Amino acid sequence: MTRATFIRPQAKELAKRLKEPRRFIQSISGARQVGKTTLALQVAKQNGMPHHFASADEPTLRAGEGWITSQWEEARQLADKSKGKGALLILDEVQKIPRWSVTVKGLWDEDTRKKRAVKVVLLGSAPLLMGRGLAESLAGRFETLHLPHWSFPEMKRAFGWNLEQYLFYGAYPGSAPFIKEPARWSRYIKDSLIETTISRDVLLLSRVDKPVLLRRLFELGCSYSGQILSYRKIAGCLEDKGNITTLAHYLDLLAGTGTLAGLQKYTGSMAASRRSIPKLQVFNTALITAQSGMTRQEVFEDKHLLGRLTESAVGAHLLNASVGGECELLYWRDNNREVDFILRKGKKLAAIEVKSGGMPTSFPGLDAFSKAFHPTKSLIVGPGGIALERFLSTPVEYWIP
């Protein structure tokens, strides 16, 4: 099986929505290289509707609002010739076009009035910007489908990866052909994913007064994934005395690209959680290993690094689910007692501790959290608890239904 032939579960939901008689703009959001374009084209091919695809992601593209109108006209012509089947318009990276949401609103409303059978799918790798445009101009006209990073079962089915490969190489399907050439694999992650995300999804689309600081924050965050660092300590590590608010803002921008997030501390109070010290967490473990300069063998011989990589893999599994709206992901710490991850869904809580070494004899963090907050579930992932492979192979909603 290859990436092109593997069909993700979200394709079924998109196909269902496009077959419904009532029209909604379908927005697919997610990080770079998670398969948004592939999924949209697979669905278009399967449903048999004539379709037109166009991308605003070309580096040389200097398109204005007229670009969207031109693509829309192409879809309208296909619909007119379809003998009642209608047509599907797929616009990729549409958020890069100035005033895109206003233009889409005007064209969509015109088609609605004239009862044109044009259905629209919008793709974007900058979820924050996509969400902002949709909410500002297209309220009541759209549905969003979040496409997370690939899971361990998906990488296993598509490429035959085992658990060790998944931990080290992460979950970017485009990188799979390069894993037998470590240097090439690392360059692909750094050049095609990291650099492209930062330079084209953050720096070109958001105001960043200190781009060097943002890049260094990203590098630091990946190397410290799984660790709790105050913004003051982060500023010290980066040798920058800049405003702590700036660092928090930059971390939010990176979270919006699906690369690096700062988890908040569970306190029982949402307001207090938002003011807490962040726990750094990558969305994909490839972002750690590609920048580490270490080989796969060296990583698995380093028990400390392997422990952090294992925790980050669990965190990435949970984080992708939380971004999709299945739950909220936090951590907990009180003095020297800590719980790696807290899942919150309504009034339900699940406390999760990750272990990668020998069989532990006690769990003071879990015990303290249980006494203080009475979680619905307390889970241990690793020796003495749920096997890591089983946990990464199970949908997150299973643990907090």
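The values are calculated or read from the model by the stated rules, or taken from the named source; none is laboratory data. Predicted model only: the values in this text are computed from it and were never measured. Glycine also receives a Cβ, built like all others from the backbone with ideal geometry; neighbour counts cover every protein chain displayed.
Say we look at the stretch 390-401 and pick out the residues that are outside any loop (DSSP other than H, G, I, E, B) and exposed (fewer than 14 other Cβ atoms within 10 Å of the Cβ); which of these is farthest from the chain's Cα centre (by Cα)?
Going through the qualifying residues, I end up with Arg390.
Looking at this structure, is Thr246 of a type outside the set (Asp, Glu) and more than 23 Å from Gly131 (Cβ to Cβ)? If you could, list the steps in order and put the result at the bottom.
Details: of a type outside the set (Asp, Glu): yes; more than 23 Å from Gly131 (Cβ to Cβ): no.
It is false that Thr246 is of a type outside the set (Asp, Glu) and more than 23 Å from Gly131 (Cβ to Cβ).
So the check is Cβ under 9 Å with 6+ separation or different chains; which pairs have a first residue in the stretch 30-50 that's farther than 19 Å from Gly131 by Cα and a second one that's of a type in the set (Val, Ile, Thr) and modelled with pLDDT of 95 or more?
Leu41/Ile90; Val43/Val121; Ala44/Ile90; Ala44/Val121
Which ones in the stretch 18-40 are surrounded by fewer than 17 Cβ atoms within 10 Å (Cβ to Cβ) and part of a helix (DSSP H, G or I)?
Correct list: Lys19 only.
For the stretch 342-386, what are the residues that are of a type in the set (Ser, Thr, Tyr), in contact with a strand residue (DSSP E or B) (Cβ under 8 Å, 6 or more places away or on another chain) and surrounded by fewer than 13 Cβ atoms within 10 Å (Cβ to Cβ)?
none
Considering every residue within the stretch 219-228, establish whether at least one is of a type outside the set (Val, Ile, Thr) and either modelled with pLDDT under 90 or closer than 22 Å to Gly124 by Cα (or both).
Let us first name the residues in the stretch 219-228 that are of a type outside the set (Val, Ile, Thr), namely 219-227.
Then drop every residue that is not either modelled with pLDDT under 90 or closer than 22 Å to Gly124 by Cα (or both), which leaves none.
Within the stretch 219-228, not a single residue is of a type outside the set (Val, Ile, Thr) and either modelled with pLDDT under 90 or closer than 22 Å to Gly124 by Cα (or both).
Specify the residue that is farthest from the chain's Cα centre (by Cα); the eligible residues are those in the stretch 140-174 that are surrounded by fewer than 22 Cβ atoms within 10 Å (Cβ to Cβ) and among the small types (Gly, Ala, Ser).
Looking at residues that are surrounded by fewer than 22 Cβ atoms within 10 Å (Cβ to Cβ) and among the small types (Gly, Ala, Ser), I get Gly140.
Identify all residues within the stretch 30-66 that are at pLDDT below 90 and hydroxyl-bearing (Ser, Thr, Tyr); write none if there are none.
Matches in the stretch 30-66: Thr60 only.
Please determine, by comparing only the residues of the stretch 101-136 that are of a type in the set (Val, Ile, Thr) and closer than 19 Å to Ala40 by Cβ, which one is farthest from the chain's Cα centre (by Cα).
Checked the stretch 101-136; the qualifying residue farthest from the chain's Cα centre (by Cα) is Val118.
Among the residues of the stretch 342-359, are any hydroxyl-bearing (Ser, Thr, Tyr), more than 28 Å from the chain's Cα centre (by Cα) and part of a loop (DSSP other than H, G, I, E, B)?
No, the stretch 342-359 contains no residue that is hydroxyl-bearing (Ser, Thr, Tyr), more than 28 Å from the chain's Cα centre (by Cα) and part of a loop (DSSP other than H, G, I, E, B).
Taking the options Thr103, Thr112, name whichever one is within 20 Å of Arg141 (Cβ to Cβ) and surrounded by fewer than 19 Cβ atoms within 10 Å (Cβ to Cβ).
Thr112
Name the residue, out of Leu123, Leu134, Leu138, Leu107, that is closer than 24 Å to Gln26 by Cβ, of a type outside the set (D, E, K, R), without any contact (Cβ under 8 Å) to a residue 60 or more places away in the chain and not assigned by TED's automatic domain parsing to the domain that holds Ser206.
Testing whether each residue is closer than 24 Å to Gln26 by Cβ, of a type outside the set (D, E, K, R), without any contact (Cβ under 8 Å) to a residue 60 or more places away in the chain and not assigned by TED's automatic domain parsing to the domain that holds Ser206 leaves just Leu107.
Return a yes/no flag: does the stretch 270-281 have any residue that is in contact with a Cys (Cβ under 6 Å, 6 or more places away or on another chain) and buried (at least 22 other Cβ atoms within 10 Å of the Cβ).
no
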